[in-house]
Amino acid sequence: MKHPASDKNQVADIRFIIEDDTGYEESSAFSELINWQPLYNLYTTPDGIMVHIELPGVSKGDVTVYLRRRYMIVTGSRVTPTGLTGECCVFHNLEIPYGSFSRRVDFPIPIETHQYHYELREGILTMHFQTLKEKIIPIEEE
């Protein structure tokens, strides 16, 4: 179930944008500065494709998935912890990236773009996609 972002008692959900045609140019859609790329694992299963993406510290409402039959692009941002500025302390080690991220995941076989399930738990976004079923068209002999 999708939750409205404006409802203070509910958490915003991940936004999926499904593109079945070539309705946008990838280079122009993701031209903003990217600070980091999350790591991911991809598995094929008997009934589809499973993807796990590392997104610790990222809220559902800060994630957008652009979904195509052959690939997806996951974008969003991880916000710097509140009060953590150069004015409050002296930084000695900064390894955790903050800011905008983007990651393209190519699928080994085409997926059904409207058939997916996902969950974000303990910093791992898990997505399951059904693959396209082969369509066999019988040819009759005359």
Checked against (1) closer than 22 Å to ALA12 by Cβ; (2) among the hydroxyl-bearing types (Ser, Thr, Tyr); (3) surrounded by 12 or more Cβ atoms within 10 Å (Cβ to Cβ), THR131 satisfies every condition except (1)
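Given the criteria within 18 Å of GLU19 (Cα to Cα) and surrounded by 13 or more Cβ atoms within 10 Å (Cβ to Cβ), does VAL105 qualify?
yes
Could you identify the single residue in THR80, THR126, THR113 that is modelled with pLDDT of 95 or more and either closer than 21 Å to GLN37 by Cβ or under 17 Å from the mean Cα position of the chain (by Cα) (or both)?
Going through THR80, THR126, THR113 in turn, the sole match is THR126.
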Please tell me if HIS92 is within 30 Å of GLU134 (Cβ to Cβ) and free of Cβ contacts under 8 Å to residues at least 40 places away in the same chain. no
So, first residue closer than 11 Å to GLY48 by Cα in the stretch 96-119, second residue of a type in the set (S, T, N, Q), Cβ within less than 6 Å, six or more apart or across chains; the pairs are ILE109/THR131; ILE111/THR131; GLU112/GLN130; GLN115/GLN130
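State which residue is farthest from TRP36 (Cα to Cα) when the search covers only the stretch 49-77 and only residues that are of a type in the set (D, E, K, R) and surrounded by 15 or more Cβ atoms within 10 Å (Cβ to Cβ).
Ranking the qualifying residues of the stretch 49-77, first place goes to ARG69.
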Looking across the stretch 92-110 at residues that are within 18 Å of ILE34 (Cβ to Cβ) and aliphatic (A, V, I, L, M), the single one that is farthest from the chain's Cα centre (by Cα) is LEU94
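The values are calculated or read from the model by the stated rules, or taken from the named source; none is laboratory data. Note that this is a predicted model, so its numbers are computed, not measured. Cβ atoms come from the backbone with ideal geometry, glycine included; neighbour counts cover every protein chain shown.
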